[in-house]
1. Report, ordered by the first and then the second residue, all pairs with beta carbons closer than 6 Å, sequence separation of six or more or different chains, a first member in segment A:3-18 that is on the phi > 0 side of the Ramachandran plot, and a second member that is within 7 Å of RNA strand B (Cβ to nearest atom).
2. I'm trying to understand the selection: among the residues of segment A:284-301, which are touching a residue at least 24 places away in the same chain (Cβ under 8 Å) and touching a Leu at 6+ places or on another chain (Cβ under 8 Å)?
3. Taking only segment A:329-369 into account, find how many residues are in contact (Cβ under 8 Å) with a residue 40 or more places away in the chain and either of a type outside the set (A, V, I, L, M) or surrounded by fewer than 13 Cβ atoms within 10 Å (Cβ to Cβ) (or both).
4. Of the residues in segment A:357-368, how many are closer than 22 Å to A:Asn15 by Cβ and either touching a helix residue (DSSP H, G or I) at 6+ places or on another chain (Cβ under 8 Å) or modelled with pLDDT of 95 or more (or both)?
5. When segment A:268-312 is examined, which residues are found to be out of contact with any Phe, Trp or Tyr (no Cβ under 9 Å at 6 or more places or on another chain) and part of a helix (DSSP H, G or I)?
6. Can you say whether A:Leu206 is within 16 Å of RNA strand B (Cβ to nearest atom), more than 21 Å from A:Asn278 (Cβ to Cβ) and of a type outside the set (D, E, K, R), as far as the supplied structure shows?
7. Name, by its number, the condition in (1) of a type in the set (Asp, Glu); (2) within 16 Å of RNA strand B (Cβ to nearest atom); (3) under 26 Å from A:Glu62 (Cα atoms) that does not hold for A:Asp287.
8. With the checklist (1) in contact (Cβ under 8 Å) with a residue 60 or more places away in the chain; (2) more than 19 Å from A:Gly306 (Cα to Cα); (3) loosely packed, with under 13 Cβ neighbours inside 10 Å; (4) of a type in the set (Lys, Arg) in hand, flag the one item A:Arg52 doesn't pass.
Amino acid sequence: MTISGIKGMNDILPNEVQTWQFLESTARRIFETYGFTEIRVPVVEKTELFCRSIGETTDIVEKEMYTFTDKSGNSLSLRPEGTAPVMRSFIEHKLYTLDPVNKLYYLGPMFRYERPQKGRYRQFHQIGAEVIGVDDPRIDAQVLIMLVHFFAAAGIDTVELQINSLGCKECRPGYRQMLVTFLESRLNALCDDCRRRYLANPLRVLDCKVPGCREATVAAPSVLDHLCAGCNDHFVAVRSSLDATKTPYAINPRMVRGLDYYTKTTFEMVTENLGAQNAVAAGGRYDGLIKSLGGPSLSGIGFAAGLERLALLKTSSPVPPPRPDLFIAALGDAAGKEAFLLMSSLLQRNFRVEIDFLGKSLKSQLRRADKLGARFVLIIGEDELARNSAPLRDMRTATQDEVGLTDLAQLLMERLQQNSAPI
RNA sequence: GUGGGUGUAGCUCAGUCGGUAGAGCACUGGAUUGUGGCUCCAGGUGUCGUGGGUUCAAGCCCCAUCAUCCACCCCA
């Protein structure tokens, strides 16, 4: 009886890990360009942290957390998202005393107990970024521009940036009541789900996929028409910065957030290529969160991108594994030993080199060199050892010439530079 | 938590009316006493997811169960 993995928790196998590393390194490069530095926080936190930040009545907290009691009786949870732990760390270590503006990014696994489906898993990975301490709407725009920049750098072009504003604690309650009143007037036109949730999460009704609900809510009041002056000015300024930098976006006044702490600007990168999961990245401003967690009165804005979903979008153009510069094919014991020495020496000089360890025939070794995508193959046997030179085969052009073994590293470097163009 | 689909070779799948299991790809070797890709040849005893049941006989029918996928809910 073999042991299998846990439902919804996936292995990332060698043939897909290249794509993951590409996405991660691209994100790091772009985020660091914009002045963000990485912060690493534990995957386990006190349960209370998530209750207070994400919201007691959200689905995440109510039924999706991996919560357990440790041996000293504390209630702990595997993190279902990254912002709350980062804010906890920010407050705990008083990072605001070192710099009034903090730009942080994080990367790692999150856990939610949900039924797995396409693009949705119980252990999933997010890469996220947070800016703390800036109210200026230009920072909202910069975060969005960075997000767009990242997607472009990652070669993912089947996404659209959508933005919205959820207002603040001044204007949101009034709008919410107005929306509830509107929905009550259309209650019998709504689906069962929406009738159930219109009080708890009226905004969610606007995002319902059922056509009847769509029709019933076409005339629903828009949050954007009921922002207070401050929120409206902020949203206009964000749009103005996006327009000025020619950043493409769409306004989606029906965008919803699953976490309670969001205010003002919210946004998503959405795609139509992931089945039911259309959000690849999502985020927004959270001006009250840090204070509510016992920290200073500082505003924040950030987002998280789902790496599984990004990887799914990359499957159409997978990232190839690195190819060997050289495969040394050897015939006979003496040549095998020499091949090992040559390889070791070249590896120390940072060439990618492979040899055969299985005692295969020359044909078989060449097949393997081809399969690995080796750029060159050096073929050595007894004769080659005796004359201290050997044929070096260019696998791209299927030509070969005799080269000395003494200065192989120098020669290899020249040949690799000469013809480094992709196939 | 709810609903539906699918479990047969490493992978993708076929398998007729129930009659004791196949293809493509991949992999390995060979066609060249030391030369890859293309082509050709050869190489498969696989708990048919698992456990019951019906039957002379079950991959196929029935029941249960597990896994997985997709969708709902929710969300990255």
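1. That search, which allows pairs on different chains as well, returns A:Gly8/A:Pro116; A:Gly8/A:Tyr121.
2. Within segment A:284-301, A:Gly284, A:Ile290, A:Leu293, A:Gly300 meet the criteria.
3. Of the residues in that region, 6 qualify.
4. Residues that pass the stated criteria total 0.
5. Hits for segment A:268-312 are A:Lys291, A:Leu312.
6. no
7. (2)
8. (3)
The values are calculated or read from the model by the stated rules, or taken from the named source; none is laboratory data. Small disclaimer: the values here were computed from a predicted structure and weren't measured. When we count neighbours, we look across all protein chains shown, and the Cβ atoms used for this are built from the backbone with ideal geometry, even at glycine.
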